[in-house]
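Peer 1: Structure in structure tokens, see below.
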Amino acid sequence: MKEIVVDVKGRESLGKNASRRLRHQGLIPAIVYGSKKEPIAVVVDPKKILEIIHSESGVNTIFQLGLAQQEARRHVMIKEYQVDPVKGNLIHADFVRIQMDEVIEVDVPVQVTGEAAGVKLDGGILDHVTRQVRVSCLPTDIPEHVTIDVTPLKIGDALRVSDLPKSDKYRILSDPDLTLVVVSPPAKEEVIAPAAAEAAPAAPAEPEVMKKGKAAGEEPGETAETDDAKKKETKKPEGKEGKK
């Protein structure tokens, strides 16, 4: 594999205003440190750094940094980088010098292979609890990932760091009891309560009780007036006495 070379230039002006001017020019500020040497402020093309970050080995990529007139090309890694939270642009990077004959520590992603039996046969869910482990190795032996097979896992089974395959090129530093993956039971479907029973029909209205002596639809007072009229009709007129 062809070695990656990134050329940088020394940075004389420091501070926020100087960094802002660099970004307007399509460049970003960066710093190089490590190997018991003084840090150096540099300027770099962010496109080159993004290509490395998005490569298979990502920030674990070892590449050469060429700094004209200050020091010969040196092997470095991306230690940290900053991204604009709004625009998503790369705005700063830190590079650490690497000695190719000295052991270093890096974080390596955990890659899962196979399909867990508990997922395939019982509908379980494979949960990724830990996605990276810490390893120590020489710079040339950094693995792109460590692989673990989940095929035999049933519901309730888990794999830990201690289950990772051993290698003579690197040593795993993470806690052996740290859980990597676990097969959980399938999620229970939410039971929708049956619709409420239809409201009972309203009780039939009680029949209207008419008062005795009052005809239906008769207005109050009508009965009394009728009785008085009948009395007047049956009363005989008084006769007059004849003249003597």
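Peer 1: In segment 142-167, which residues are under 12 Å from residue 117 (Cβ atoms) and of a type outside the set (A, V, I, L, M)?
Peer 2: Within segment 142-167, 149, 151, 152, 154, 156, 157 qualify.
Peer 1: Take residues that are over 30 Å from residue 12 (Cα atoms) and tell me which of the strands (runs of 3 or more DSSP E) falling wholly in segment 68-146 contain 1 or more. If you could, list the steps in order and put the result at the bottom.
Peer 2: Numbers: elements: 71-83, 90-97, 104-113, 125-128, 132-137.
Per the criteria, 104-113, 125-128, 132-137.
Peer 1: Do you know which residues across segment 22-38 are in contact (Cβ under 8 Å) with a residue 60 or more places away in the chain, assigned to a strand (DSSP E or B) and surrounded by fewer than 18 Cβ atoms within 10 Å (Cβ to Cβ)? If you could, list the steps in order and put the result at the bottom.
Peer 2: So in segment 22-38, the residues in contact (Cβ under 8 Å) with a residue 60 or more places away in the chain come out as 23, 28-35, 37.
Imposing the further condition that a residue be assigned to a strand (DSSP E or B) reduces the set to 28-34, 37.
Hits for segment 22-38 are 31, 33, 34, 37.
Peer 1: One residue is enough: does segment 21-33 have a residue meeting the conditions farther than 21 Å from residue 143 by Cβ, small (Gly, Ala, Ser) and more than 35 Å from the chain's Cα centre (by Cα)? Lay out the reasoning, then the answer.
Peer 2: Restricting attention to segment 21-33, the residues satisfying the condition of being farther than 21 Å from residue 143 by Cβ are 21-33.
Then keep just the ones that are small (Gly, Ala, Ser); that gives 26, 30.
Pick out the ones that are also more than 35 Å from the chain's Cα centre (by Cα) and you get none.
Within segment 21-33 (the criterion being farther than 21 Å from residue 143 by Cβ, small (Gly, Ala, Ser) and more than 35 Å from the chain's Cα centre (by Cα)), the answer is no, since none of the residues qualifies.
Peer 1: Given the criteria under 21 Å from residue 106 (Cα atoms) and of a type outside the set (Ser, Thr, Tyr), does residue 8 qualify?
Peer 2: Against the criterion (under 21 Å from residue 106 (Cα atoms) and of a type outside the set (Ser, Thr, Tyr)), residue 8 does not qualify.
Peer 1: So which residues in segment 121-152 are more than 25 Å from residue 173 (Cα to Cα) and either surrounded by 15 or more Cβ atoms within 10 Å (Cβ to Cβ) or within 25 Å of the chain's Cα centre (by Cα) (or both), if there are any at all?
Peer 2: 123, 124, 125
Peer 1: Can I ask one more? Out of 175, 168, report the one residue that is assigned to a loop (DSSP other than H, G, I, E, B), acidic (Asp, Glu), free of Cβ contacts under 8 Å to residues at least 12 places away in the same chain and closer than 24 Å to residue 60 by Cα.
Peer 2: 168
Peer 1: Output the number of the condition that residue 41 fails; it satisfies all remaining conditions of (1) part of a strand (DSSP E or B); (2) under 15 Å from residue 6 (Cβ atoms); (3) of a type in the set (A, V, I, L, M).
Peer 2: (2)
Peer 1: From the list 98, 53, exactly one residue is under 35 Å from the mean Cα position of the chain (by Cα) and either surrounded by 14 or more Cβ atoms within 10 Å (Cβ to Cβ) or in contact (Cβ under 8 Å) with a residue 12 or more places away in the chain (or both). Which is it?
Peer 2: 53
All of the numbers you see were taken from the coordinates with simple rules; none came from a lab. Note that the structure is a prediction, hence the values are computed from the model and not measured. Heads up, the Cβs are rebuilt from the backbone with ideal geometry, glycines too, and the neighbour counts pull from every protein chain shown.
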